[in-house]
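Student: Quick one: the structure is below, questions incoming.
Readers should treat all values here as calculations from the given coordinates under stated rules, not as data from a laboratory. These numbers were taken from a predicted model, which means no experiment stands behind them.
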């Protein structure tokens with residue numbers, strides 16, 4: 001629903017010169033601590049490029065290197081098994097797996113309603129752990145899916161069963177002027193707003209179980225320790241351009257460094273190649 005900045009179905013050409021500059025800016029000027037490799041689609045479609053990013057980051061002064069993925073290609077195995085080992089050797093620490101539910105069929109409904117069956121999430125977590133990677137489940141909360149204290153509690157039980165280290169509960173958000181109105185309509189229909197009783201109940205449940213936050217992120221999201229599981233509830237989109245404590249710095253392959261998914265050009269702190 002946000003601008004693609006030249007990213008399409010082919011592996012994008014990367015402005016590596018600007019990547020080095022952007023990394024130094026992120027560290028020296030904005031004091032960024034962690035790096036998350038993500039995408040406008042599924043980043044593991046281009047696994048060799050992930051390897052190259054991790055290689056470039058090896059001598060950069062960041063802490064954790066993380067990968068956001070829907071897990072589908074990693075679950076299939078094959079050559080991806082080799083890439084997991086290479087990524088681990090290049091410093092990848094955490095795999096953040098996007099989900100909508102702990103139940104296989106529920107995830108199938110959203111991810112691939114007309115495609116091949118959704119993979120076994122527990123087996124994927126086991127594979128990531130066998131390859132030395134910490135796992136975070138990043139769950140977008142939707143009505144009819146994870147939308148209540150009971151469902152959150154069951155999701156936490158799933159995490160504990162498979163040894164998941166971190167759980168993020170995320171609101172489904174959309175920009176004010178979306179690039180894709182069909183997806184925006186889906187979000188409007190299924191989102192759980194902060195004002196909804198269900199959301200307030202979930203937040204109260206997390207706060208009561210966690211007692212007090214173990215960490216507060218720059219954009220205000222609180223992380224709680226609950227029975228050995230790190231739990232965080234946060235929003236999906238934000239635009240912190242111009243504020244002292246920004247939430248994110250986003251590097252696009254064309255060389256742009258920006259603080260906003262919604263208006264990347266308007267919030268750019270480093271410009272990249274021009275697009276046709």
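Student: Among [x] 20.0, 79; [y] 21.3, 67; [z] 18.4, 52, only one was calculated for this model; which label is it, if the read-out is Rg and Dmax of the Cα atoms in Å?
Tutor: Here the calculated entry is [z].
Student: With a cut-off of 8 Å between alpha carbons and a minimum separation of six or more residues, what is the relative contact order of the stretch 22-238 in percent? All intermediate terms of the calculation are to be shown ahead of the outcome.
Tutor: Details: 324 pairs, mean separation 32.0, N = 217.
That works out to 15 percent.
Student: Now for a separate question. Between rounded, prolate and oblate, where does the stretch 94-149 land on the alpha carbon gyration tensor, with a ≥ b ≥ c its root eigenvalues, rounded for a/c under 1.5, else prolate if a/b exceeds b/c?
Tutor: The shape class here is oblate.
Student: Sum -39500 (n - 2.57) across every DSSP H segment of at least 4 residues in the chain, then divide by the residue count to get the 222 nm mean residue ellipticity, nearest 500.
Tutor: Details: 9 runs with 95 residues, N = 276.
Value at 222 nm, helices only: -10500 deg cm²/dmol.
Student: Can you pull the three principal axis extents for the Cα set of the stretch 76-183, in Å, largest first?
Tutor: 40, 34, 27
Student: At 0.36 nm per residue, and after removing the present C-alpha to C-alpha distance, how many nm does the segment from residue 27 to residue 203 gain when stretched out fully?
Tutor: On the way: separation 176, 0.36 × 176 = 63.36 nm, distance 3.24 nm.
Net length gain for the segment: 60.1 nm.
Student: Using alpha carbons only, how many angstrom separate the centre of the stretch 15-50 from the centre of the stretch 117-175?
Tutor: 24
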